[in-house]
Each structure stands twice: as C-alpha cells, then as structure tokens.
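Working notes, beginning with the structure itself.
The values are calculated or read from the model by the stated rules, or taken from the named source; none is laboratory data. What you are looking at is a predicted structure, and each value in this text was computed from that prediction instead of being measured. FYI the Cβ positions are ideal-geometry reconstructions off the backbone, even for glycines, and counts take in every protein chain you see.
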Amino acid sequence: MEKLGRWIALEFLEVLPPAIFFLLGFHMLALTRSLMLREYRVHAASAAGATVGALLVAKVVLIADSLPVINRFPEKPLAYNVAWKTTIYLLAALVVHYLEHLVPLWWRLGDLGMANHRLLEEIVWPHFWVVQLWLVVLLFMYCGMRELIRAIGPHEVRRMFFGPARPSSTDGARDGDRPRGMATRRTSESEKGAMHE
C-alpha cells in the first residue's frame, strides 16, 4: 500500500508542471475565443473543455516522454531537442485529439469508416487550425523552458527566479576595475563637488 501511495505521489508530481502550464495556455485560448465570438453572440467552449484539453495534452507529454526516441539529440545544442520534442508532442497530441473525437462517433455509428467520414465533415477547420497554432506555440515554449531547466539545473533556475540575486561582477568594483568612462565620470563628479566646496 505504501508503494502505491509513493507511485501516485510521483505520478502527480510529474504531471503537475505540464498540467499547470497547459491549463494556463488553454484557458487563455478559451478566453480569446470567447471574447472574439461575443460580438457575434456565439457561445464558445466552456472552461471545462479547456481544462480537459489541457490535462489531455499534459498526459500526452508524459506518455511521449517514455518513448525511447524522445531524447534524440542529447549532445547537440538545445534547439535540436526543442524542435524534435515539439514535433513529437504535437504529433502525439494530434493523434490523441483525433481519437478522442473519433471513438465516441465510432461507438455511436458502429462503423469506423463512416465515423471517420462524419468526423471530417463536422470539423470546423478554421477553429481546428487556430487550436493547432496555439498548441505549436505552447509546446515550443514548454519544450524550450524544459530544456533550459535541464541544462541549467532546477535548483539554479529556482534560485534565479525566486532566490536572492547574486551580486553582479561590477558591484563593489574599484574605479580602476570599472570601464574607463565610468571611472572618469565619477572622478569628474567628485572634482565638481570639491570645486563647489
């Protein structure tokens, strides 16, 4: 029982960062659509739909992370892994999103071909492409931040954002260590003060 509790806690902690990130992103998308469609008195999807979509994408990210091909470029610059993972996550999210809509239709109609044909007819293509564009941007941002955190280290990133700031290399430096313009400007200002005295 203790092992099960530890496993649930570990799964929860793993899904928490992507879930929070995509919850914020999908709710921003839902709010944008709602504000745009309000002028035409059209009701957009609810917050519950945005929440389900965000949790679905977060779970897709975790499933894709278990694939052996996900870390294909560990020794190359971060841009390679960011682009690769964005592509993998996007393809996985498309497949899961497609199946999410196809399976209920298939269940209702009893024929896979007919369900697929009906789904392709019922899709509102402008809405579909807007969601995909948002998804690409969100996944790219998520992958970029995640690769940076992996490269810098989570403790260092936490310290950079929430910890005390390190003094910069110019703080507390002597005038001789400063760039020449700064030293002369300070000298001239002190000379002016002495002249006024």
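Looking only at residues in the range 1-21 that are among the small types (Gly, Ala, Ser) and surrounded by 10 or more Cβ atoms within 10 Å (Cβ to Cβ), the one that is modelled with the highest pLDDT is Ala19.
A quick yes/no check of all residues on (1) more than 14 Å from Leu138 (Cα to Cα); (2) without any contact (Cβ under 8 Å) to a residue 40 or more places away in the chain; (3) touching a Lys or Arg at 6+ places or on another chain (Cβ under 6 Å); (4) of a type in the set (Ser, Thr, Tyr):
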site: Leu16; (1), (2), (3), (4): yes, yes, no, no
site: Met28; (1), (2), (3), (4): no, yes, no, no
site: Pro68; (1), (2), (3), (4): yes, yes, no, no
site: Tyr80; (1), (2), (3), (4): yes, yes, no, yes
site: Thr87; (1), (2), (3), (4): no, yes, no, yes
site: His101; (1), (2), (3), (4): yes, yes, no, no
site: Asp111; (1), (2), (3), (4): yes, yes, no, no
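Applying the criterion of being modelled with pLDDT under 85 and surrounded by 15 or more Cβ atoms within 10 Å (Cβ to Cβ) to the residues of the range 26-48, the residue that is nearest to Thr86 (Cα to Cα) is Phe26.
Checked against (1) over 29 Å from the mean Cα position of the chain (by Cα); (2) under 30 Å from Leu78 (Cα atoms), Asn116 passes all but a single condition, namely (2). For the range 47-86, the set of residues classified as of a type in the set (Val, Ile, Thr) and farther than 20 Å from Ala151 by Cα consists of Thr51, Val52, Val57, Val60, Ile63, listed by residue number.
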